[in-house]
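All remarks here apply to the structure that follows.
The values are calculated or read from the model by the stated rules, or taken from the named source; none is laboratory data. If you're wondering where the values come from, they're calculated on a predicted model, not measured in any experiment. Neighbour counts run over all protein chains shown; Cβ positions are idealised from the backbone, glycine included. The area values use the complete protein model at the heavy-atom level, side chains included, leaving out ligands, DNA and RNA. Shrake-Rupley method; radii C 1.70, N 1.55, O 1.52, S 1.80 Å.
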Number of protein chains: 6
Amino acid sequence: MSDASDRLTRALSLLERLEPGAPERVQGNLNAFHQDAAELVLGYAFADIVGRDGIDLKTREMLTVAMLAAMGTAQGQLEFHMRAAMNTGVSREEIVEIVLQASVYAGVPASMNAITAAKKAFEAVEKSGP
Amino acid sequence: MSDASDRLTRALSLLERLEPGAPERVQGNLNAFHQDAAELVLGYAFADIVGRDGIDLKTREMLTVAMLAAMGTAQGQLEFHMRAAMNTGVSREEIVEIVLQASVYAGVPASMNAITAAKKAFEAVEKSGP
Amino acid sequence: MSDASDRLTRALSLLERLEPGAPERVQGNLNAFHQDAAELVLGYAFADIVGRDGIDLKTREMLTVAMLAAMGTAQGQLEFHMRAAMNTGVSREEIVEIVLQASVYAGVPASMNAITAAKKAFEAVEKSGP
Amino acid sequence: MSDASDRLTRALSLLERLEPGAPERVQGNLNAFHQDAAELVLGYAFADIVGRDGIDLKTREMLTVAMLAAMGTAQGQLEFHMRAAMNTGVSREEIVEIVLQASVYAGVPASMNAITAAKKAFEAVEKSGP
Amino acid sequence: MSDASDRLTRALSLLERLEPGAPERVQGNLNAFHQDAAELVLGYAFADIVGRDGIDLKTREMLTVAMLAAMGTAQGQLEFHMRAAMNTGVSREEIVEIVLQASVYAGVPASMNAITAAKKAFEAVEKSGP
Amino acid sequence: MSDASDRLTRALSLLERLEPGAPERVQGNLNAFHQDAAELVLGYAFADIVGRDGIDLKTREMLTVAMLAAMGTAQGQLEFHMRAAMNTGVSREEIVEIVLQASVYAGVPASMNAITAAKKAFEAVEKSGP
């Protein structure tokens, strides 16, 4: 197995923990753009960085939600990572707190956008629940 | 005690936990700007939001560092909250991981700026150490 | 009446001036997210800050439109505050000028997005007109 | 011919090179907002700046795509300038490379949003192709 | 007089109202960069847009301060426009209110940075006072 | 040679082309932060992405300057990449044009900050010249 495909395999394995079924969808989306995109982008994000030790995956997803809510430029990915956060053990209450905290550091509009994302993520997780 | 002064008292008490001695400096800075600024801004940030239950203070500071590193517009406050993170139990290793994670979600330049802030924060905490 | 509910009452009263009927909708939206969200977020935004003396409400709404147009991350809220601006006495001509000024300080794409928001806001105010 | 109308004429002529048919649509959109908007905004963007010598139009469109992808606040205009880039000689492969490069400087979410825009732009150019 | 030099003349005349002595400094700075920079950039900013009727100069400077405080990426220019605001009739109290309002729409760190800028602007205007 | 060290070697080799002597300084800076930082961050930026075929290095540096100027949050890195652009064949005139183009897409303040960076980069390259 080449190292590039190994990096991709590790990235997809972490992505599966974030949301079961996501690897197929995300990899398909990236492959339709360019054959190297999945390996490069997912490889860096998930195999190189998010998969590192030092912070557990649950806390990492809280940090990702915090960053995306503060930046305010990737609403779809904020929703995805709110679902991923819940899939890795973050409670709804914790997501509420992150969203409220975003109002302090990024302003009320960033927080309101994150509330919209959270409502959709809460609903999606409910539907897919046991 | 009026409610406004109670809110400020709770905010300053939390700020003292973030960095011993900070309340005097920050309150002085804000009072020199406007008499209501400390109560309003610190009151909202620390008494209303960051002081809430639901997420412990250590994790909240990790989230704040994540938000400020991702936004990239408040280098001084990023340094402050990296020191505050260490003062509330965040390890250097965890700060390193947050900074590396910022390169994924906000880009390499945001991460490089956060490395500069982290180095200063590490040095400051070392100097003030026991 | 507790102080928290008093703060919320004052916030909702200002929100009613920004757009008649908005308090019910916005409060409902926030309550569905978390029971404290309306009091905290609206309380800070409208009772603590925007409701202050020192700048009249019409000018405050012009400033809010300017900030949201420049940031470019909250299109829905930009539309809302353009309607609110008109509801508090800002003319269409003044909104046009703010939008053009945004092209200088935040760039042409920010201004183009604000034009899209303004057209929707102009239409909405027309429909709800006397 | 007055100077203002001359500036607008030159701007619309460049816009026609970016996307055949765009001048009517964009000018109509801006005129419906304010009679001066097309001359001011398009005049500055295209006659004053983008129409300057010193960098050829193909490279300028690559730069515009880079800026819009990095900022992440104008998805519709990013799509437009990806189509315009292709209309002025930028290859799909070059757009792919700009989008991947955006992941380094602005983060993976900015790059993912640009991938979404690129797919739409690729499809639109295909449909309108010979 | 050519139209370009007329546009520059009108821009510099407005700039002189914003801060006496600024035209020489700013034009010198831009000319040292490129011979067309002053005419293009100042011409667009001040002659084409900020010099328009429809909003008085005092209110326009309040809007500029609001935009720059919200964006948080141009601290030096925020200071300049706070001084310019005071030079065109904006009171210190009004600047305080804009800065506090920025905490709602752009977050507390943006507001804290604006407080730093305001303190410098207040001091500078005091020194140059009658 | 392990793959990680190979990736780092390729990244440092590209960095040497951007600015002779930079690899030692940048690697030292990153190593002082964390032993993996140089390999991860430089490896992704320069070996994985910027070192790819499809766009030549000169054009890539123009794109990087465009992105950093538009984002406005990494002034030091903007200066570095302006020097790197000149080291890879970008002319001063082309940098001037990118900076002026940034005023259209990111606003005049972003452009003014880029002018400040360009002046320093021009001076630095002059000093180190033959």
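Working from label points 7 Å from Cα in the Cα-to-Cβ sense, the residue A:31 to residue D:53 distance is 5.0 nm. The charge dipole of the range F:41-91, taken about its Cα centre with unit charges on the Cβ atoms of Lys, Arg (+1), Asp and Glu (-1) only, comes to about 60 debye.
Of all residues in chain A, the one whose Cβ lies closest to the rotation axis carrying A onto E, together with that distance in whole Å, is A:107, 2.
Built from the Cα atoms of the protein assembly as shown, the convex hull projects on average onto 35.9 nm², one quarter of its surface area.
Partner lysines whose Cα lies under 17 Å from the Cα of residue E:119, excluding those fewer than 8 positions away in the same chain, are identified as E:127. With just the Cα atoms defining each centre, how far is the range E:13-55 from the range B:12-31? Give it in Å. The range E:13-55 and the range B:12-31 have Cα centres separated by 41 Å. Taking A:125, D:90 and ordering them by how much accessible surface each has at a 1.4 Å probe, largest first, produces A:125, D:90. Determine the calculated [θ] at 222 nm for the protein assembly as shown from helices alone, applying -39500 (n - 2.57) to every DSSP H run no shorter than 4 residues and normalising by the residue count; nearest 500 deg cm²/dmol. Helices in the protein assembly as shown give a 222 nm mean residue ellipticity of -22500 deg cm²/dmol. With protein chains left intact and a 1.4 Å probe, residues in the protein assembly as shown average 36 Å² of accessible area per residue. Burial annotation for the range B:108-130: residues with an accessible-area loss of at least 50 Å² between the isolated chain and the complete set of protein chains, computed on heavy atoms with a 1.4 Å probe, are B:108, B:109, B:112, B:115, B:119.
For residue E:124, the distances from its label point to the matching points in the remaining copies are 2.5, 2.5, 3.8, 4.2, 4.7 nm, ordered from shortest, with each point set 7 Å beyond Cα toward Cβ.
For the range B:65-101, a reduction of at least 50 Å² in accessible area between the chain on its own and the assembled protein chains (probe 1.4 Å) is found at B:67, B:71, B:73, B:77, B:96, B:97, B:100, B:101.
Inter-chain neighbour count for B:47-54: the average number of beta-carbon atoms from partner chains within 10 Å of each residue's beta-carbon is 6. Of the accessible area of the protein assembly as shown, with the probe set at 1.4 angstrom, what percent is carbon plus sulfur? C and S fraction of accessible area: 50 percent. Only protein heavy atoms count here; under a 1.4 Å probe, residue C:56 has an accessible surface of about 80 Å². Site pair residue E:6 and residue B:13 shows an inter-label distance of 6.9 nm when each label is modelled 7 Å from Cα along Cα→Cβ. Per residue, the convex hull spanned by the alpha carbons of the range C:14-102 comes to 91 Å³. Anisotropy class assigned to the range B:20-64 is prolate, per the alpha carbon gyration tensor with a/c at or over the 1.5 cut-off and a/b larger than b/c. Each residue of the range B:117-122 was assigned a 3J(HN,Hα) from its phi angle through the Karplus curve 6.51 cos²θ - 1.76 cosθ + 1.60 (θ = phi - 60°); the sequence is 5, 5, 4, 5, 5, 4 Hz, with glycine and proline shown as x.
Compared with the dominant principal axis of the Cα atoms in chain C, helix C:3-18 is inclined by about 30°. In this assembly of identical copies, the label point of residue D:32 (Cα plus 7 Å along Cα-to-Cβ) is separated from its counterparts by 3.0, 3.0, 4.8, 5.3, 5.8 nm, sorted shortest first.
What the phi angles of the range D:29-35 give under the Karplus curve with 6.51, -1.76 and 1.60, with θ = phi - 60°, is a coupling list of 4, 6, 4, 5, 8, 7, 4 Hz, glycine and proline written as x.
Ignoring lysines fewer than eight residues from residue A:120 along the same chain, the ones with Cα atoms less than 24 angstrom from its Cα are A:58.
Each chain gives up part of its surface: F and D jointly bury about 2900 Å² of accessible area, both sides summed, for a 1.4 Å probe.
With charges set only on the Cβ (+1 for Lys and Arg, -1 for Asp and Glu), what does the dipole of the protein assembly as shown come to about its Cα centre, in debye to the nearest 20?
Here the size comes out at about 0 debye.
Here the Karplus curve 6.51 cos²θ - 1.76 cosθ + 1.60, taken at θ = phi - 60°, turns the phi angles of the range B:82-99 into couplings of 5, 5, 4, 4, 5, 5, 10, x, 6, 7, 4, 4, 5, 5, 3, 5, 4, 5 Hz, with x standing for Gly and Pro. Sorted from shortest to longest, the distances between the residue D:9 label points of this copy and the other copies are 2.5, 6.3, 6.7, 6.7, 7.5 nm, with each point 7 Å from Cα along the line through the beta carbon.
Modelled spin labels at residue E:126 and residue D:128, positioned 7 Å past Cα toward Cβ, are 5.9 nm from each other.
Round to the nearest 10 and report in Å² the accessible area of residue D:81, as given by a 1.4 Å probe over the protein chains' heavy atoms. Probe radius 1.4 Å; accessible area of residue D:81 about 10 Å².
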